[in-house]
Amino acid sequence: MRPASIFFSFVLNLELSVFISSAFAQTAPAAGGDMQSSLMGMLPLVLMFVVLYFVMIRPQMKKAKDHKAMVDGLAKGDEVATAGGVLGKVTKVGDTFIGLEIANGVEVQLQRSAVIQVMPKGSIK
């Protein structure tokens, strides 16, 4: 073996033994602080769920509630846009379906949930 490789091998073994001995040298925390440290360890996880709720879950629930109120409030004569991009005027309103006139004499039947927006009156010519 070359002297340089022997030296690096010795240094590597020395460093590993230092890391191993320091890991074994650590002592367990006192019994009173164990409960407090476990609670402090859970704190970031709890904070992450709180932030997730306010950033993602709550706005999504609000949007779903607003959409349901808008769909429940559909009335005959409303001008709407559907999820497929079709614009039309509501001609019939049922429990789960609506009749939508997309052109003169052309009427399609859609699910109420397909409506994504109620347009202002007169926006469809």
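What to note about this one:
- Rounded if a/c under 1.5, otherwise prolate or oblate - segment 46-125, Cα gyration tensor axes: prolate
- With 22 Å as the limit, the listed pairs LYS68/LYS125; LYS76/LYS121; LYS89/LYS125; LYS68/LYS92 have LYS68/LYS125 beyond it between alpha carbons.
- Order by protection proxy (mean Cβ within 10 Å, highest first), peptides 56-63, 110-117: 110-117, 56-63
Computed from the coordinates by the stated procedures, all read-outs in this text should not be read as laboratory data. Worth saying up front: this structure is predicted, and the values here are computed from it rather than measured. Reconstructed Cβ throughout: ideal geometry from the backbone, glycine too, with neighbour counts over all protein chains shown.
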